[in-house]
Amino acid sequence: MSRWRFAVGDNEDVVISTRIRLARNIKGIKFTNSFSLEEAEKVNKTISEAVEKIYPGEYKHLNLKDIKDYSKVLMENHLISPEMIKNIEFSSFCLSQDESVNILINEEDHLRLQVLKPGQAELSAFNRAINIVKSLEKEIDFSYHKEFGYLTSCPTNTGTGLRASVMMHLPALKHSGNMPGLIDSLGKLGLTVRGIYGENSSSEGDIFQISNQRTLGMQEEDVIYKLRLLVNKIIENERQERDKFLRNYNELFKDRVFRSLGTLKYAKLLPEEEALTCLSFIRVGICQKIYEGLNIKEVTDLMFNVQKNNILKYKKDTGLIGTEDSVRSEYIANYFKEVERHGE
């Protein structure tokens, strides 16, 4: 588990984490979809050397091609994107020691800075991201147009280059059938709703990412304010639905929580989707004070660790693809045994 996730965050019963991402490109060099290998190497060198100059010893620079077997684990932990894996031969990243800041190099843009914080923390994550990118601007000349703002490879990012997103656990809104209406309403208000891995991914474990759509013609502060306002409303609605379900279906809900617990502790083959569904019920059960065997940090940790590529780290053998359902069940069973042993 990344160390930043151990910190206490606001509204953690609903909000898992906050991410701020800023996209930038170096002036005079083609975008990553059309640049040469020599230009890719120049971008890599320029950015990594600037980071080391400004923050000596604070970031570890890694070329993705050197850790190919680990790349999908990084993606599942939201440290790199699926797009970055497509550019694996010339992409790299500079990662802070606690993994809360990651500077992606040669992804869809030359530079994508992302700051991660636990719980709801739109403003503090944004302030940290802005401070870092302003420091980098002293060493790197980024492409900027006085009318359009920062230029990016995809027009939807042009302007501020800002994507502010909040990862939310919304089981009550999903299972009550309210998500389609919520997604439609947020779309009309300029926000988009994606699954656990972002664009075109599913909402496994009832996890959704809420983020801004517009970057052109808006001030960064306005984007952050609007996102926070709407996320607060979603939190309120999710809590209301949880309380409503608990009032109306108390025994049914408790049964589902403890059936999920039994599956996690005793199943011999656990597909990822089933494991995440069960952990979703356990997580909301903890928040509603129905189950106290784990805390919210531990169950969130499990939700990341049981994903396909993460789970193979348990055996330290990425060649075990195809056996992960068995490995997953063993890992989860041992996790609960260890927790219960320390709880005695």
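Taking a point 7 angstrom from the Cα of SER326 along the C-beta vector, which residues in region 254-288 have backbone N less than 18 Å away? Answer for region 254-288: 266-272.
Would you mind ranking HIS78, HIS175, HIS110 so that the residue whose beta carbon has the fewest other beta carbons within 10 Å leads the list?
On the way: HIS78 22, HIS175 16, HIS110 30.
Going from least to most buried by this count: HIS175, HIS78, HIS110.
Between helix 272-287 and the chain there is an angle of about 70 degrees, using the helix long axis and the longest principal axis of the Cα atoms.
Hey, what angle do you get for helix 250-266 against the long axis of the chain, alpha-carbon based, 0 to 90 degrees rounded to 10? Tilt of helix 250-266: around 70 degrees.
The label point for GLU58 and the one for GLU139, both projected 7 Å from the Cα toward the Cβ, are 1.0 nm apart.
Protection proxy ranking of 15-21, 62-68, by the mean of other Cβ atoms within 10 Å over each peptide's residues and highest first, is 15-21, 62-68. Phi angles of region 24-36 translate, via the Karplus equation with coefficients 6.51, -1.76, 1.60 and θ = phi - 60°, into HN-Hα couplings of 9, 9, 7, 4, x, 10, 4, 5, 5, 7, 9, 7, 8 Hz per residue; Gly and Pro are given as x.
Which of the pairs LYS60/LYS134; LYS188/LYS233; LYS53/LYS86; LYS45/LYS308; LYS268/LYS337 have their Cα atoms more than 23 Å apart in this structure? It would help to have the intermediate numbers written out before the result.
On the way: LYS60/LYS134 20 Å; LYS188/LYS233 15 Å; LYS53/LYS86 29 Å; LYS45/LYS308 33 Å; LYS268/LYS337 15 Å.
Listed pairs above 23 Å: LYS53/LYS86; LYS45/LYS308.
Using 0.36 nm times the number of residues separating GLU38 and SER185, minus their current alpha carbon distance, what extension gain do you get?
Details: separation 147, 0.36 × 147 = 52.92 nm, distance 4.54 nm.
Using 0.36 nm per residue and subtracting the Cα-Cα distance, I get 48.4 nm.
Return one number: the angle in degrees, 0 to 90 and rounded to the nearest 10, between the long axis of the Cα atoms of helix 296-305 and the longest principal axis of the Cα atoms of the chain. Taking the Cα atoms of the chain, the angle to 296-305 is about 70 degrees. Computed from the Cβ-Cβ distance with R0 of 41 Å, the FRET efficiency linking LEU123 to GLU273 stands at 0.75. Label positions at ASN250 and LYS30, each projected 7 Å from the Cα along the C-beta direction, are separated by 6.8 nm.
For CYS278, CYS287, CYS154, what ranking results if the residue with the fewest other Cβ atoms within 10 Å of its Cβ goes first?
CYS154, CYS287, CYS278
Of all aspartates and glutamates in the structure, the ones whose alpha carbon falls short of 17 Å from that of LYS244, not counting any fewer than 8 places away in one chain, are ASP13, GLU236, ASP255. Going from the residue with the fewest nearby Cβ atoms within 10 Å to the one with the most, MET167, MET218 rank MET218, MET167. Given their separation in residues at 0.36 nm each and the Cα-Cα distance between them, HIS175 and GLU147 gain 5.6 nm when the chain is fully extended.
So how strong a dipole does the chain carry about its Cα centre when Lys and Arg Cβ are +1 and Asp and Glu Cβ are -1, to the nearest 20 debye? Mind showing how you got there, number by number?
Details: 48 positive and 50 negative charges, 65 e Å.
Magnitude of the dipole: close to 320 debye.
In terms of the mean number of neighbouring beta-carbon atoms within 10 Å, the peptides 23-29, 268-274, 127-133, 203-209 order highest first as 203-209, 23-29, 127-133, 268-274.
Coordinate-derived values only; no laboratory data. Because the structure is predicted, anything quoted here is derived from the model rather than measured. Glycine gets a Cβ as well: all are built from the backbone with ideal geometry, and neighbour counts include every protein chain shown.
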